[in-house]
Every structure is written in C-alpha cells, then in structure tokens.
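Worksheet: the structure to be examined is printed underneath.
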C-alpha cells in the first residue's frame, strides 16, 4: 500500500512541475508576442476587426511557442485549446492586453470534472506615435556613405556617378565640387599609375575604375534623420 501512495505523490509532483513549466512557456510567448504585434499592420489598421486581431495574437503566440511545444497530453485540445478571445487593444492608450485561457487535463479524471482552468494576462504599451500608415507620408531622402548632402531625387546626377579619367601628373590641378584636393585611394592606389580616375563629389583618385570605392552606395533615410545635412544643390531645390 505504501508503494502506490509513494508513486502517486511522485506523479502528482511531476505533473505539477510540468504544468508550471508550461505556464512559464506560455507567458514567455505572450511577452515576446507583444513586441512582435506592435509592428503588425493588421493590429494597428483602423478597419481591423476583433476576429482579425485574435488571429494575429494567436498566430504570434503559436510561433513563439515553437514547433517543439507539443502539450496535447497536458493542455486540453493542444494548441487549439489556447483561447485569446479575452485579449484587447486600446488604440487611444496604445495598451495591448493579451489574455490567454486554457485547461489542463488531469489523468484519469471522470467526465473532465478535474480539468484545471488557467488564465494568464500580459499588458504592454505599444508604439503610440504615428502608426504604420501615417509614416508613409513622412518625407524620405537619399544619401551616400561619404556624402555631405542629401538628395530628394534618386535619379539625381550626383547619385548616378560619373567617373572622369585624368593624367596622374595633373591630379594636383583638380578640385572636387567642394574645392577639396584629391588624395590617393587607400584601396587601389598601391603604386603610381599613368592614368587615374576621379569623381566630382569624391576626394580620392583611383588607379582602377573597378575599385569598390567608386561603386555608389545609396541609402534611403528619413529627412528628420539627416537634418544636419544641407540639400543637394541640384535636386534639393
């Protein structure tokens, strides 16, 4: 008689431990999902209905739980048994309230009378500035890696680099558009060359047209991010 009681106690504690770790897994997934959902258009769009919001929350929780989360023998209904219909999002305050409900199946219970109901809640404040749709109206400009101005037109002639071929002995006579001298490129000018290459907005001369420094890298930026740079004299007027 002692052994069955001992086994029952061991199994009970083991089952409690499994429920505890499952609770922790779900709570962690809720926390991670709140960050992900903050950038989902479906949640922030004015026309989103309740069903669409719940699907977004449920999908993110399922994703963050991972494929290895197989609890069909513990959570009643498995993943399908996780209910998020009690969740809500207040667009005025930016507060996302994730509420997850589920039940644990107790082995050998009669008519599911011993199923344990669980409910977890996680609140977080999402991004409450301009929403995804309003950001589309913000002005974007273009800059180059070492450029000193921003460009309003991606097709600006300054962005479409023009390489000029000059005699090496005449390099000292040339100035770029800002009046700066040209200096040897650290990448390709290992030794003097009879012919070198320069650009109007650069300050290096090159021994090869194929030098990667001559490849124009253009970056799209918000105007507010480059407010300390003047506009291009050609396309920024």
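Rule-based calculations on the coordinates, nothing more; no lab input. Here the structure is a predicted model, which means the values were calculated and not measured. Virtual Cβ from ideal backbone geometry, glycine too; neighbours counted across all protein chains shown.
Between residue 62 and residue 218, what's the calculated FRET efficiency when r is the beta-carbon distance and R0 is 45 Å? Round to 0.05.
Numbers: r = 39 Å, r/R0 = 0.87.
Given R0 = 45 Å and the Cβ-Cβ separation, E is 0.70.
Would you mind ranking 8, 122 so that the residue whose beta carbon has the fewest other beta carbons within 10 Å leads the list? Don't jump to the answer; show the numbers that get you there.
Values: 8 10, 122 19.
Listed from fewest to most nearby Cβ atoms, that is 8, 122.
Quick check: pseudo-label points 7 Å beyond the Cα along Cα→Cβ at residue 170 and residue 7, how many nm apart are they?
Roughly 9.8 nm, to one decimal.
Rounded to two decimals, what is the ratio between the C-alpha radius of gyration of region 134-226 and 2.2 N^0.38 Å?
Values: Rg = 15.5 Å, N = 93, 2.2 N^0.38 = 12.3 Å.
So the Cα radius of gyration is 1.26 times the expected 2.2 N^0.38 Å.
What's the exposure ranking of 180, 191, going from fewest to most Cβ atoms within 10 Å?
Working: 180 12, 191 6.
Ranked by crowding around the Cβ, least crowded first: 191, 180.
Which order results if 99, 196, 84 are arranged by neighbouring Cβ count within 10 Å, fewest first? Mind dumping the intermediate values first?
On the way: 99 17, 196 25, 84 21.
In order of increasing Cβ crowding within 10 Å: 99, 84, 196.
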